[in-house]
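Right, one structure below, let's go through it.
The values are calculated or read from the model by the stated rules, or taken from the named source; none is laboratory data. On a predicted model such as this, the values are computed, not experimentally measured, just so you know. Every residue, glycine among them, receives a Cβ derived from its backbone with ideal geometry; neighbour counts consider all protein chains shown.
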Amino acid sequence: MNEFLKEYISLKENFVKHHENEASVLALYEFADRLSKHTEKEAIEVLVDVYQLLYKMESAYKLYESIYDKTDRKQIKKFLGLKDLNESHGDRFATPRPLNKKERLKREERKKLLPKFRYHPDPLETGSFIEGEAKICPCCGKESNTYYVKSPYAVDDVDYLCPVCISNGEAAKKFDADFIQDVDDDFVPDKEKRDELFYRTPGYLSWQGEYWLYCCNDYCAYLGSVGTKELKEMGIAEEVFEEYNKRKEFNDIEEYLEKDGSICGYLFRCLHCGKHHLWVDVD
Ligand SMILES: [Zn+2]
Ligand SMILES: [Zn+2]
């Protein structure tokens, strides 16, 4: 067994044992940083596995495409599996790289420069915006290090929209697009609220597309994905489950709800009365 594989196995054991906690995830990312400086095939093969473990399917696929042995049936099979995962998942569901304390403070500073979204107050934290190497925004043509992780609902694929073009409505106009899949139909908002949500608010990552909740005659603010564990930590599990169960959607979700798991919760808060509301989606 080569040294890269040995280290991978030990980091993976740690990752599983500690339920993918921040320290074990960060250790994998740092290992990936080191592996990416190597050119040996053994290192690149292990890097593909690290990416897969972190749900970076696009990265794993692209890397494997460059090294796999096209005469080896087993490797062809693995390649095709990664190809499917790249198409269905890409890097969108990647476990985020945990920030260290200094990085966290810097990020708070950068957040202050982003436009404000009434119905989605912290899209960087919810994962709807990601930070990375600069990309050209297809709407304004300017480079941005922060961009929308999804493509809006439009005829064409529109990737890497910058926050400004979403917030001022230019992206929706230019691509005849909107950002939200569905809303609670019981609520009929005035046009301004509806336009702000559909055309000027970044959506969120979920299994079946966004479903936006409302309260007190307005749409709610989306806070992020949650599981039972997170709701209990926030001290609101009982109240949101009680309300959710009245919807008669899925039963016994308390037992299964897991942040970004196959039964995932999406948490909202009313902008007026402050009450929390839960939506649940399954894969
Ligand atoms: Zn732009
Ligand atoms: Zn309310």
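Here are the numbers:
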read-out: Hits in the range 103-135 - residues which are more than 30 Å from K62 (Cβ to Cβ) and surrounded by fewer than 12 Cβ atoms within 10 Å (Cβ to Cβ); value: L105, E108, E109, K112, L113, K116
read-out: Near pairs, Cβ below 9 angstrom, 6+ apart or cross-chain, from the range 17-32 (within 20 Å of K101 (Cβ to Cβ)) to any residue that is part of a helix (DSSP H, G or I) and aliphatic (A, V, I, L, M); value: S24/L11; S24/V16; A27/L11; L28/L11; L28/V50; L28/L53; Y29/V50
read-out: Subset of the range 236-273 (residues that are under 21 Å from N21 (Cα atoms) and among the small types (G, A, S)); value: G261, S262, G265
read-out: Total residues in the range 138-163, condition touching a strand residue (DSSP E or B) at 6+ places or on another chain (Cβ under 6 Å), more than 12 Å from ligand 1 (Cβ to nearest atom) and β-branched (V, I, T); value: 1
read-out: Count of residues meeting criterion [free of Cβ contacts under 8 Å to residues at least 24 places away in the same chain and either within 10 Å of ligand 1 (Cβ to nearest atom) or under 22 Å from G209 (Cβ atoms) (or both)] in the range 125-137; value: 1
read-out: Failed criterion for A171 (all others in (1) surrounded by fewer than 18 Cβ atoms within 10 Å (Cβ to Cβ); (2) free of Cβ contacts under 8 Å to residues at least 60 places away in the same chain hold); value: (1)
read-out: From the options Y160, Y119, residue that is modelled with pLDDT of 95 or more, of a type in the set (S, T, Y), assigned to a loop (DSSP other than H, G, I, E, B) and within 16 Å of ligand 2 (Cβ to nearest atom); value: Y119
read-out: Flag if I166 is more than 13 Å from F268 (Cα to Cα), within 16 Å of ligand 1 (Cβ to nearest atom) and modelled with pLDDT of 95 or more; value: yes
read-out: Hey, L197 under 20 Å from F268 (Cα atoms) and either more than 16 Å from ligand 1 (Cβ to nearest atom) or in a loop (DSSP other than H, G, I, E, B) (or both) or not; value: yes
read-out: The one condition in (1) in a helix (DSSP H, G or I); (2) modelled with pLDDT under 95 that P96 fails to fulfil; value: (1)
read-out: Search result, residues across the range 6-44 that are surrounded by 14 or more Cβ atoms within 10 Å (Cβ to Cβ) and either of a type in the set (A, V, I, L, M) or touching a strand residue (DSSP E or B) at 6+ places or on another chain (Cβ under 6 Å) (or both); value: L11, V25, L26, A27, L28, A32, L35, A43, I44
read-out: In the range 10-52, the residues that are small (G, A, S) and in a helix (DSSP H, G or I); value: S10, A23, S24, A27, A32, A43
read-out: Pairs where the first residue, in the range 140-159, is loosely packed, with under 15 Cβ neighbours inside 10 Å and the second is assigned to a strand (DSSP E or B) and not β-branched (V, I, T), C-beta under 6 Å, 6+ apart; value: E143/A134; N145/E131; N145/A134
read-out: Which numbered condition G90 misses (of (1) on the phi > 0 side of the Ramachandran plot; (2) in contact with a Phe, Trp or Tyr (Cβ under 9 Å, 6 or more places away or on another chain); (3) in contact (Cβ under 8 Å) with a residue 60 or more places away in the chain); value: (3)
read-out: Top-ranked residue of the range 203-244 - restricted to ones that are away from ligand 2 (no atom under 16 Å from the Cβ) and hydrophobic (A, V, I, L, M, F, W, C), ranked as surrounded by the most Cβ atoms within 10 Å (Cβ to Cβ); value: V226
read-out: The range 261-276 residues that are away from ligand 1 (no atom under 16 Å from the Cβ), paired with ones that are modelled with pLDDT under 95 and not in a loop (DSSP other than H, G, I, E, B) (beta carbon under 6 Å, 6 or more apart); value: I263/Y256; I263/V282; C264/D281
